[in-house]
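What follows is a single structure, written as structure tokens, with notes after it.
Where a number appears in this text, it was derived from the coordinates with a stated rule and is not lab data. Computed from a prediction, not measured in an experiment: that's the story for all the values here. In this analysis, Cβ positions are derived from the backbone assuming ideal geometry, glycine residues included, and neighbour counts consider all displayed protein chains.
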């Protein structure tokens, strides 16, 4: 089934939000496949309350709604208990079971205080408000 200019809701909550605060995604095109296959969204914007928002060119959401791969000019803006972080990458993997984000390739992470890190590899544990880098290419953490 294909839906154009449509909304998609992931029931799994992120970053200390309640189950009543799902992740809403809006897409120019949503392709829903039979059971066992991913749902694919194109030209996506998303938000979850005031804790997270962003955009990407495409998203592939697993049939159980607990994992998604965001790709193409991915931008994620997070406000987790007052810690503001922006993530820019070509691909971000979200795991709802573990409440984590993972970037295997290059990523630019900008903190609310203006600190900017360009790295190869990045992970974020939203529950623990912990951010880890693989290899920092540019920038420093204090």
Using every Cα-Cα pair within segment 2-138, state what percent have a distance larger than 28 Å.
13
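Under Stokes-Einstein, with the Kirkwood radius over Cα pairs standing in for Rh, what whole-number D in µm²/s applies to segment 40-116 at 4 °C and 1.567 mPa s?
Reported coefficient: 102 µm²/s.
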Order 113-122, 70-79 from most to least packed using the mean count of other Cβ atoms within 10 Å.
70-79, 113-122
Less than 12 Å from a label point 7 Å out along the Cα-to-Cβ axis of residue 9: which backbone N atoms in segment 97-116 qualify, by residue?
none
